[in-house]
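The values are calculated or read from the model by the stated rules, or taken from the named source; none is laboratory data. Because the structure is a prediction, the values reported are computed rather than measured. Here Cβ is always computed from backbone atoms with ideal geometry, including for glycine, and neighbour counts include all displayed protein chains.
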Amino acid sequence: MNVLKEGKLWLLLLLGAATQLTPLSSETSLQWLLFVGKFHPMLVHFPLGLWVATALVLWVGLRSPALVIEPWLRGGTKASFWSGFFTFLTGLMLYFSGTYGEEIVPHMLAAWVFLVSLFVFDVVLEKGVGMKKMGWLALVVTGMMGYAGHLGGVITHGDLFESLPWEVQATTETSEEGTVLENHQDDRSVFTAAVYPILDDKCLLCHADRRARAELTMTTEAAILKGGVSGAAMIAGQAEASMLIQRIQLPEDDPLHMPLTEPFVTPDEEAFLIWWINEGLNKKIYEIPVQFASFIQPMTE
Ligand code: HEC
C-alpha cells in the first residue's frame with residue numbers, strides 16, 4: 001500500500017471514531033455546526049451521482065470488454081470517495097449539533113461503511129483482479145450506498161414505506177377508534193382541542209417522533225414540560241420565562257427564531273399560547289376565555 005492509501009485508511013478510522021463522540025450543546029458552536037451542516041443535503045448528491053456513474057461505466061465495460069474503462073473507473077472511484085468524505089464531514093457537523101435524535105446514528109454508520117466499501121473497491125481496483133470481480137464488489141458498494149441513502153431519506157422525508165396506501169389506511173383506522181368514544185361529550189383538554197392543532201401546524205414537523213429536533217417532542221404537555229437538550233421548553237405559570245415562547249418572540253430573521261420555517265405563529269396564536277402556559281395547563285376547554293374560543297377545533301368524527 002502506498003502512502004496515500006494509508007493516509008485514507010487513517011482518515012476513515014478517524015471518521016469512524018468521531019461517530020462515537022457525543023453531540024455538543026454550546027450555543028455558538030451550535031450555530032457553526034448547523035451552518036456547515038446546511039450543505040449536507042446538497043453535497044450528498046455528489047457521491048451518489050458519481051458512484052452511480054462509475055458503476056455504469058463498469059457495467060458498460062463488462063458488456064464490451066474491448067473498451068478501456070480503467071482510467072474512468074479509477075477517477076470515478078476516487079471522486080466518489082472524496083465527495084463522500086466531505087459530505088460525511090458535513091453530516092458529522094449535524095450529528096454534533098445534537099439537533100437530530102438517535103435516528104441519525106444508523107444513517108451515519110451506514111454512510112461510514114459505504115465510504116469504507118469505496119476505499120476497499122479502490123484498493124482492489126489498483127490490484128487489478130479482473131472486471132468480473134469488480135462487478136460483484138460494485139454491487140456491494142451500491143447496496144451500501146442505497147441503504148445509507150435510504151436511512152438518510154427517512155430523516156429528511158420520513159419513512160417512504162409508511163406512506164404506502166395500506167399503511168396510511170391502517171393508521172387512520174386506529175386513530176378513528178380513539179375519537180369515537182368521546183364523541184358525545186366534549187370534555188377535551190385545552191391542549192388536545194386547541195393547542196395541539198396550532199403546534200401541529202407550526203412545530204410538529206420538526207418536534208415530533210422521529211424528527212425531534214434538539215430532542216424536543218411537543219406532542220403532549222408532559223413532553224413539552226420535560227423539554228429537549230436545553231431542558232424544559234416551558235415552565236407552568238411562567239410563559240415569558242418559557243423557551244417555547246421566547247423562541248417564538250425572537251425576530252424572524254434570528255437563526256434561533258421558531259419555527260425555523262414558515263408558517264410562523266400569528267400574534268393571536270402567541271397570545272393564546274401564553275395564556276395556556278400561564279393558566280391553561282391541564283384545563284378543560286370550557287375554561288378557555290371567550291377571546292380564545294375560536295382556537296377550539298371541532299371534534300373530528
Ligand atoms: C423546520 C424545523 C422546525 C420547526 C418547524 C420548529 N422547530 Fe424548533 N427547533 C428546530 C431545530 C433544528 C432546533 C435545534 C436548533 C435550535 O435550538 O435552534 C429547534 C429547537 C427548538 C427549541 C429549543 C429546544 C432545546 O431544548 O434546545 C425550542 C424551545 C423550539 N425549537 C420550539 C419550537 C416551537 C415552539 C416551534 C413551533 C412554533 C418550533 N420549534 C418549530 C427546528 C424546528
Next item on the list: Could you give me the residue pairs with C-beta distances under 6 Å whose first residue belongs to the range 193-217 and is assigned by TED's automatic domain parsing to the domain that holds Glu252, whose second residue is in a helix (DSSP H, G or I) and more than 10 Å from the ligand (Cβ to nearest atom) wherever it lies, and which are 6+ apart or on separate chains?
Entry: Ala193/Ile285; Ala194/Phe295; Val195/Trp276; Thr217/Ala223
Check: Quick one: in the range 117-157, which of the residues that are under 24 Å from the mean Cα position of the chain (by Cα) and hydrophobic (A, V, I, L, M, F, W, C) is surrounded by the most Cβ atoms within 10 Å (Cβ to Cβ)?
Finding: Ala148
Next item on the list: Return yes or no: is Leu48 part of a helix (DSSP H, G or I) and in the same structural domain as Gly143 (by TED's automatic domain parsing)?
Entry: yes
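Every residue in the range 250-265 that is surrounded by 12 or more Cβ atoms within 10 Å (Cβ to Cβ) and either more than 10 Å from the ligand (Cβ to nearest atom) or without any contact (Cβ under 8 Å) to a residue 24 or more places away in the chain (or both), please. Full working, then the answer.
Filtering the range 250-265 for residues surrounded by 12 or more Cβ atoms within 10 Å (Cβ to Cβ) gives 250, 256-260, 264-265.
Within the range 250-265, Leu250, Leu256, His257 qualify.
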Next item on the list: Scan the range 209-249 for residues that are part of a loop (DSSP other than H, G, I, E, B) and buried (at least 20 other Cβ atoms within 10 Å of the Cβ) and report the count.
Entry: 8
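Hey, does the range 267-285 have a residue that's among the charged types (D, E, K, R) and within 26 Å of Thr156 (Cα to Cα)?
There is no residue in the range 267-285 that is among the charged types (D, E, K, R) and within 26 Å of Thr156 (Cα to Cα).
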Checklist line | In the range 203-249, the residues that are within 6 Å of the ligand (Cβ to nearest atom) and in contact with an Asp or Glu (Cβ under 7 Å, 6 or more places away or on another chain) | finding: Gly228, Val229, Ile248
Check: Does the range 242-291 hold any residues that are over 18 Å from Leu216 (Cβ atoms) and either of a type in the set (Lys, Arg) or assigned by TED's automatic domain parsing to the domain that holds Leu30 (or both), and which are they?
Finding: Lys283, Lys284
Next item on the list: Would you check which residues across the range 58-89 are in a helix (DSSP H, G or I) and buried (at least 19 other Cβ atoms within 10 Å of the Cβ) and list them?
Entry: Leu58, Gly61, Leu73, Gly76, Thr77, Ser80, Phe81, Ser83, Gly84, Thr87, Phe88
Check: Here are some residues: Gly178, Gly152, Gly143. Which one is modelled with pLDDT of 95 or more and either within 16 Å of the ligand (Cβ to nearest atom) or assigned to a helix (DSSP H, G or I) (or both)?
Finding: Gly143
